[in-house]
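To start, the structure under review is shown below, and the notes come after it.
The values are calculated or read from the model by the stated rules, or taken from the named source; none is laboratory data. A quick note: this is a predicted structure, and the numbers were derived from the prediction, not measured. Here Cβ is always computed from backbone atoms with ideal geometry, including for glycine, and neighbour counts include all displayed protein chains. Heavy atoms of the whole protein, side chains included, go into the accessibility calculation; ligands, DNA and RNA do not. Shrake-Rupley method; radii C 1.70, N 1.55, O 1.52, S 1.80 Å.
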Amino acid sequence: MTAQLPQSQTTSSSDLYEQDFYLWIQTTAELLKQGRLTELDLENLIDEIETMGRSEQKALRSNLEMVLMHLLKYNYQAEKRSGSWRATIREHRKRIRQALEESPSLKPYFYEVFGLCYDDARLLAADETELDVAIFPEQSPFTPEQALDPDFLPEPYITFEFGAKRRDCPTAPISNNI
């Protein structure tokens, strides 16, 4: 028994796409299942498939930016570290890991956009921390592998105040005799 197409006979596939997207999806899926390929709205189907690919890339970038921004915040505002920041890092790493497991072909794209994502994360971190963007390194202090590593958290930088200027230095043993 062949399933009934949800589309009415008076509406073309391309018109249906514009009028009722969900019904267009159901109709297109049914046409594919029935092998009625000549009746497909190929132009919109191709566009939707390409959009799905771009959506996966966009989600990967967004999650990577969140990881990198929070790693920067974690690194440069040690005194404000919270469970919320660690949870955000963990959640977005999980999303990246799942995306790469479900679509391994995204891995080269991950490496390709890593630097661009860091650039955006740097600006976001400056906005959120209200620190000058120049405080954050121009090149990522984290490797792509560290960004994905569920156990990696950066060592803190200690920020000293000197009037209106700020100077950052890597964490060093703190002596009580300062």
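Points to keep in mind about this one:
- When region 81-91 is filtered for residues that are free of Cβ contacts under 8 Å to residues at least 40 places away in the same chain and part of a helix (DSSP H, G or I), the ones remaining, listed by number, are 83, 84, 85, 87, 88, 91.
- Complete set of residues in region 97-122 that are within 22 Å of residue 136 (Cα to Cα) and open to solvent by less than 30 Å² (accessible area, probe 1.4 Å): 110, 113, 114, 117, 118, 121
- Residue tally, condition over 16 Å from residue 52 (Cα atoms) and free of Cβ contacts under 8 Å to residues at least 12 places away in the same chain, over region 22-42: 5
- Qualifying position, being modelled with pLDDT of 90 or more, open to solvent by less than 30 Å² (accessible area, probe 1.4 Å), under 28 Å from residue 131 (Cβ atoms) and in a helix (DSSP H, G or I), among 58, 73, 94: 73
- Here residue 78 meets the list (1) modelled with pLDDT of 90 or more; (2) under 21 Å from residue 122 (Cα atoms); (3) hydrophobic (A, V, I, L, M, F, W, C) almost entirely, failing just condition (1).
- Qualifying residue in region 39-48 (condition: open to solvent by less than 50 Å² (accessible area, probe 1.4 Å), part of a helix (DSSP H, G or I) and farther than 30 Å from residue 20 by Cα): no
- Going through (1) in contact with a helix residue (DSSP H, G or I) (Cβ under 6 Å, 6 or more places away or on another chain); (2) free of Cβ contacts under 8 Å to residues at least 12 places away in the same chain one by one, residue 52 falls short only on (1).
- Take the conditions (1) open to solvent by 30 Å² or more (accessible area, probe 1.4 Å); (2) in a helix (DSSP H, G or I); residue 35 misses just one of them, which is (2).
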